[in-house]
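A short worksheet on the structure shown next.
The values are calculated or read from the model by the stated rules, or taken from the named source; none is laboratory data. Remember, it's a predicted structure, so these values are computed and weren't measured experimentally. Cβ placement follows ideal geometry from the backbone for every residue including glycine, while neighbour counts extend to all protein chains displayed.
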Amino acid sequence: MGNTNPIAKILKNSALLLYALFALFPLFWMLLISFKHDREMFNTIFVFNPTLENYRVLFSTGEYIGYFMNNVFVSVGAVLLSLAVGVPAAYALARFDFRGKEDLAFTFLSFRFAPEMLVILPLFLIYQKIGLYDTAFGLIWVFQLISLPFIIWILRGYFEDISPEIEHAARVDGYSWWRVFLKINMPLIKPGMVAAALLSFIFVWNNFTFTLLLAGQGVVTTTVASLKYISSDTVHYGQMAAAVTIAALPEVLLALLIQKHLVRGLSMGAVKG
Amino acid sequence: MADIALKQVTKKFKKNTVLSGVSIDIKDKEFFVIFGPAGAGKTTLLNLIAGILVPEEGVITINGNVINSLEPEHRNVAMVFENYALYPHLTVFENIASPLRSPKYRQPEGKIRDEVERVAKILRIDWLLQRLPSELSNGQRQRVSLGRALVRNPEVFLMDEPLTHLDAKLRHQMRAEFKEMQANLNTTTIYVTHDYLEALSLADRIAVLNQGRIEQIGTPDEIYYRPATEFVAEAFGEPEINILTADLVSKDGSMHLNLLGDSDHFAVPGRVRQALEEHGGDTVRAGFRPKDIKYNFTGDSSMLRATVYSFEPLGAKAILTVQADGQLIRLIAAADLDAKPDQPIYLKFNMEEAIFFDSGTGRFIARAGEKGVRSVG
Amino acid sequence: MSSIGRPDPSVPFADLANASPNRNMDKIPPIPFMRKARPYLILAPALLLTIGILIPFFISIYYSLTNYSFKYKDYSFVGLENWTKMLTDPSFWHSVWVTLQYAFFSTGTEMLLGIGVALMLNQDTRLAKALRIVLIFPLMIAPVIATLIWQLMTNNSVGVIAHALRSIGINNFLWGAAPKTAMFSVVLIDVWVNTPFVIVLVLAGLRSLPKAPFESAMVDGGSAWFTFKTLTLPMIKPLLLIALLFRVMISLQEFSIIFALTRGGPGDTLMSLPLTAYNEAFTYKELGAALPYMLILWVFIYILSYYLIRYWSRAQKNASGS
């Protein structure tokens, strides 16, 4: 936009800053009061004596760390399973031609849109019957609804970008088809895998509904645990803030580290790099 | 050390038949060219030999062994792909070394380094070994692709239009280099192209493929002087051969053609007459290559009268198109010729070089002389 | 080395394809099973997973035709009773209305705000570059956690926003507690979390636009709005549609934010379809009655997404053509 009008520029930047304030202030504030001691909670706003008391309490009771680890376990597990299933599926959709191919592709995508509650109601029943209720694996399985579509959709585009001639050349060079997959295809789709895995990880990590209703006391994640804080009458606002910071921190860090992959992933490979 | 043979090979893609009843025998160490227009099925043919595709019908053999079910990595063929198919994430060195690091054709690292450098030196890309394919020009990529094949010791080299995507000058240069390389290759080579000059200059034998069927297999001479069909005749030659319908008439005890409204000037040579009479029928399609038609602006009674239709200078020479009896005929002329449309011009057709085709099937009947006759023994 | 047979020299050509079409053909060896099966084997895990995921859907349909309750062991088939009861219940239509409202307001705001911010971020100033990295953060926060954050900020005792509002004379803004402001509150939280999604997509589209058409438009002297309408908009249409698709689909079935803030209240102000189904199934324990609510939503979502995706792939083709 070749706009050199200075007034327009000032307006633009102020609007931008306004939005930035809207978007970032809540996070900043959360971080801030996580360092505020309970006794200073009501009488100070921004100026106070920082303390690590809230974090100390959180770590020492051990519960919250447990929730955090649960989150890690199910999220990583879900993404790994999605990669194991989704990478071959994306390859098949990219390379093979068969009847109902696009319908199958749409079905995979439609998982992402399936209402959580619709899946939960029957699964609540089934899981209890087959003993998957309140298990990590039960959650990992359900999370496929969230993570698999991303992996397949994004990686299909990456596979389609690799010319089949390259695979043929590798076969003729003396590599069997699975070696070709490992040595040629995988390195070439690595950025796509990173983007898709990250995106899936974030949305799985943030999931609330499945964990709430398909898991009980056995597997509690940070999102479900936060519910306790909302509904309780606790006045430990500082601890709440610390809990929120810890819950949100991994993703914010990830987002910082892998900015570029994230953008590519979210645009679903519709835009290259 | 390899004879390759295809027997009645048919390949279909869903409802589409891409190759139909193709049978070819390629001798060991032969430089065999598969020639055809775009879409004829040439790449499919190579892919079948390489094992990338499997035929619906027919048998493919190497040295007499049927290899239909053999995976590509076990066939010991080397292939140069039309779009080079270089591995984008590997350096030039690693690309060329790739076959020598595969489980099937593995060599020790020291030997690999020597071989890659040797081949790179021959192809004059030794200074590019640490680059990535994205940093190379088209011509350089083509050489890397060639290098990856030459570093092998395969039963057969398969080359899919390696010169097609190069600019004209480079193509010219590479064709000459190929000829030199071909002499040293000492391995059966199957080379695919749609450029008839490449085919004629490089091949020991040529198979002409059209819409999935073989039209003719023969030496360059056989293809050029005794094309099996009108298609083959038209494909080899620039400007294109002129094939005209003519009636056979008897005159003064000899056979003449009634061609372009003229029945006095086209005497059919003796042996050809015999063949035409044996073949039967009273019309024939007569083919004259542009270089076999002489012209003059002052004619005599032995020449046919025509008028200039168009004149296209093409660098060193020009295509002169003339019109006679409502038909257009292409001639070769000097680029500086002064020819104006509708100018009268006189033509003399060399009947000794004329090629005769059946007017119904378009198949070759006869020609004069012994040019292009398949040698016996 | 010999070739097959010696051709008859009097025959001017001897291409083998036409030599003897009926000669005895060698038997064609069959393609090994493993090679033929390979594509299906590769697809197998995903197919199995898909079937595993589709089973609950079919089970839902089955149970929606029963009076299954978590209270009792036995249940019986009741046909379309649950469905007709739902369709004649005014609270069903109220939940439909709530659901549509929520989706419309949150998606609408996110799209407009997202496009606006993306346009402003499409400069090469240091501010824009820094903000591009940092503005994605709200999207990383779980909606539930976001609800918690906003609740805390508006908490009358400690919240900074409550404090700020008080200082300009607005006391007791009830946020989620009052029917009038409840929808506003949940939409606000949704917008806060999800606008970055639209921003990222639109920005990616804007930054990948070819320069040429815009340069010639500048030469032709069009206004910024005109350029935007006729050039920018059509070219980023595919990405806009993806953003719209995802936001609409997901906001239609949003559960966490409403649940966390008010559980559907006050009263039934925020009782969207998922909330109603939750209530039926987990509060009243009537599974059979709860399922139709979600099944109808699912059908609506499926059909809508099908057409949006078709529209998107057509727009995708047009955009690459222009």
Looking at the stretch A:114-135, which of its residues are hydrophobic (A, V, I, L, M, F, W, C), surrounded by fewer than 21 Cβ atoms within 10 Å (Cβ to Cβ) and in contact with a helix residue (DSSP H, G or I) (Cβ under 8 Å, 6 or more places away or on another chain)? A:PHE124, A:LEU125, A:ILE126, A:LEU132
It is to be established whether one or more residues within the stretch C:197-213 are facing chain A (nearest Cβ under 9 Å) and surrounded by fewer than 17 Cβ atoms within 10 Å (Cβ to Cβ). yes
Do any strands (runs of 3 or more DSSP E) entirely within the stretch B:1-43 hold 1 or more residues that are on the phi > 0 side of the Ramachandran plot, and if so, which? B:4-13, B:16-26
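Considering the stretch C:262-282 alone, what residues qualify as being under 24 Å from the mean Cα position of the chain (by Cα) and either buried (at least 24 other Cβ atoms within 10 Å of the Cβ) or under 11 Å from C:SER95 (Cβ atoms) (or both)? Spell out how you get there, then give the answer.
To start, the set of residues in the stretch C:262-282 that are under 24 Å from the mean Cα position of the chain (by Cα) comprises C:263-264, C:270-278.
If the condition is that a residue be under 24 Å from the mean Cα position of the chain (by Cα) and either buried (at least 24 other Cβ atoms within 10 Å of the Cβ) or under 11 Å from C:SER95 (Cβ atoms) (or both), then C:GLY264, C:LEU270, C:MET271, C:SER272, C:LEU273, C:PRO274, C:LEU275, C:THR276, C:ALA277, C:TYR278 are the ones that fit.
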Is there a residue in the stretch C:38-59 that is at the interface with chain A (Cβ under 9 Å from one of its Cβ atoms), basic (Lys, Arg) and out of contact with any strand residue (DSSP E or B) (no Cβ under 9 Å at 6 or more places or on another chain)? yes
Of the residues in the stretch A:170-196, those that are within 23 Å of the chain's Cα centre (by Cα) and of a type in the set (D, E, K, R) number 1
Tally the residues that are more than 10 Å from chain C (Cβ to nearest Cβ), modelled with pLDDT under 85 and in a loop (DSSP other than H, G, I, E, B), restricting the search to the stretch A:19-42. 1
Quick one: which of C:THR269, C:THR230 is part of a helix (DSSP H, G or I) and either within 11 Å of chain A (Cβ to nearest Cβ) or at pLDDT below 90 (or both)? C:THR230
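If you go through the stretch A:258-266 one residue at a time, do you hit one that is more than 9 Å from chain C (Cβ to nearest Cβ), surrounded by 24 or more Cβ atoms within 10 Å (Cβ to Cβ) and at pLDDT 80 or above?
Filtering the stretch A:258-266 for residues more than 9 Å from chain C (Cβ to nearest Cβ) gives A:258, A:260-261, A:265.
Now restrict to residues that are surrounded by 24 or more Cβ atoms within 10 Å (Cβ to Cβ): A:265.
Right, trim to at pLDDT 80 or above and you get none.
The answer is no, given that none of the residues of the stretch A:258-266 is more than 9 Å from chain C (Cβ to nearest Cβ), surrounded by 24 or more Cβ atoms within 10 Å (Cβ to Cβ) and at pLDDT 80 or above.
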Restricting the stretch A:110-164 to residues that are touching a residue at least 60 places away in the same chain (Cβ under 8 Å) and of a type in the set (S, T, N, Q), the one nearest to the other protein chains (Cβ to nearest Cβ) turns out to be A:GLN144
Test: residue in the stretch C:88-97 that is surrounded by fewer than 16 Cβ atoms within 10 Å (Cβ to Cβ), in a loop (DSSP other than H, G, I, E, B), more than 9 Å from every other protein chain (Cβ to nearest Cβ) and modelled with pLDDT of 85 or more: yes
Which residue pairs have Cβ atoms under 7 Å apart, sit 6 or more places apart or on different chains, and have a first residue in the stretch B:168-185 that is surrounded by 14 or more Cβ atoms within 10 Å (Cβ to Cβ) and a second that is among the small types (Gly, Ala, Ser)? B:LEU170/B:GLY139; B:ARG175/B:SER201
Residue count for the stretch B:286-313, restricted to those that are over 15 Å from B:SER263 (Cα atoms), in contact (Cβ under 8 Å) with a residue 40 or more places away in the chain, assigned to a strand (DSSP E or B) and within 31 Å of the chain's Cα centre (by Cα): 5
With respect to B:ILE96, is the statement that it is within 14 Å of chain A (Cβ to nearest Cβ), surrounded by 21 or more Cβ atoms within 10 Å (Cβ to Cβ) and of a type in the set (A, V, I, L, M, F, W, C) true? yes
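Quick check: anything in the stretch C:159-178 within 7 Å of chain A (Cβ to nearest Cβ), in contact with a Phe, Trp or Tyr (Cβ under 9 Å, 6 or more places away or on another chain) and surrounded by fewer than 20 Cβ atoms within 10 Å (Cβ to Cβ)?
To start, the set of residues in the stretch C:159-178 that are within 7 Å of chain A (Cβ to nearest Cβ) comprises C:160, C:163.
Then drop every residue that is not in contact with a Phe, Trp or Tyr (Cβ under 9 Å, 6 or more places away or on another chain), which leaves C:160.
Cutting the leftovers down to surrounded by fewer than 20 Cβ atoms within 10 Å (Cβ to Cβ) gives us C:160.
Yes, there is a match, as at least one residue in the stretch C:159-178 is within 7 Å of chain A (Cβ to nearest Cβ), in contact with a Phe, Trp or Tyr (Cβ under 9 Å, 6 or more places away or on another chain) and surrounded by fewer than 20 Cβ atoms within 10 Å (Cβ to Cβ).
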Residues A:SER147, A:SER82: which one is hydroxyl-bearing (Ser, Thr, Tyr), at pLDDT 90 or above, in contact with a Leu (Cβ under 7 Å, 6 or more places away or on another chain) and buried (at least 23 other Cβ atoms within 10 Å of the Cβ)? A:SER82
Out of curiosity, is C:TRP225 assigned to a helix (DSSP H, G or I) and either in contact (Cβ under 8 Å) with a residue 24 or more places away in the chain or among the small types (Gly, Ala, Ser) (or both)? no
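Suppose the filter is within 29 Å of the chain's Cα centre (by Cα) and within 14 Å of another protein chain (Cβ to nearest Cβ); does B:ILE365 pass it?
Details: within 29 Å of the chain's Cα centre (by Cα): yes; within 14 Å of another protein chain (Cβ to nearest Cβ): yes.
Judged against the criteria, B:ILE365 is a match.
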Scanning the stretch B:186-218 for residues that are surrounded by 18 or more Cβ atoms within 10 Å (Cβ to Cβ) and polar (S, T, N, Q), the one nearest to B:GLU370 (Cα to Cα) turns out to be B:GLN216
Set C:MET218, C:MET249: member being of a type outside the set (Val, Ile, Thr), at the interface with chain A (Cβ under 9 Å from one of its Cβ atoms) and more than 27 Å from A:ILE258 (Cβ to Cβ): C:MET218
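Please enumerate the residues belonging to the stretch A:51-96 that are β-branched (Val, Ile, Thr) and either within 11 Å of another protein chain (Cβ to nearest Cβ) or not in a helix (DSSP H, G or I) (or both). Quick ask: steps written out before the conclusion?
Taking the stretch A:51-96 as the starting set, the residues that turn out to be β-branched (Val, Ile, Thr) are A:51, A:57, A:61, A:65, A:72, A:74, A:76, A:79, A:85, A:87.
Result: A:THR51, A:VAL85, A:VAL87.
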The stretch A:236-255, residues that are facing chain C (nearest Cβ under 7 Å) and either charged (D, E, K, R) or within 14 Å of the chain's Cα centre (by Cα) (or both): A:ALA247, A:ALA248, A:GLU251, A:VAL252, A:ALA255
Kindly list the number of the only condition in (1) touching a Pro at 6+ places or on another chain (Cβ under 7 Å); (2) more than 22 Å from A:GLY174 (Cα to Cα); (3) not aliphatic (A, V, I, L, M) that fails for B:ARG131. (1)
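Wholly within the stretch B:195-282, which strands (runs of 3 or more DSSP E) include no fewer than the required count, namely at least 1 residues that are closer than 22 Å to B:SER23 by Cα?
Numbers: elements: B:205-210, B:213-218, B:242-251, B:254-258.
So the answer is B:205-210, B:213-218.
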Cβ pairs under 6 Å, 6+ apart, first in the stretch C:128-142 and within 7 Å of chain A (Cβ to nearest Cβ), second crowded, with 17+ Cβ neighbours inside 10 Å and not hydrophobic (A, V, I, L, M, F, W, C): C:LEU135/C:PRO196; C:ILE136/C:PRO196; C:PRO138/C:PRO196; C:MET140/A:GLU251; C:ALA142/A:ASN206; C:ALA142/A:THR223
Facing another protein chain (nearest Cβ under 7 Å), surrounded by 15 or more Cβ atoms within 10 Å (Cβ to Cβ) and within 31 Å of the chain's Cα centre (by Cα): is that true of A:LEU16 in this structure? yes
Does at least one position in the stretch B:19-26 carry a residue that is at pLDDT 90 or above, surrounded by fewer than 21 Cβ atoms within 10 Å (Cβ to Cβ) and over 13 Å from B:LEU6 (Cβ atoms)? no
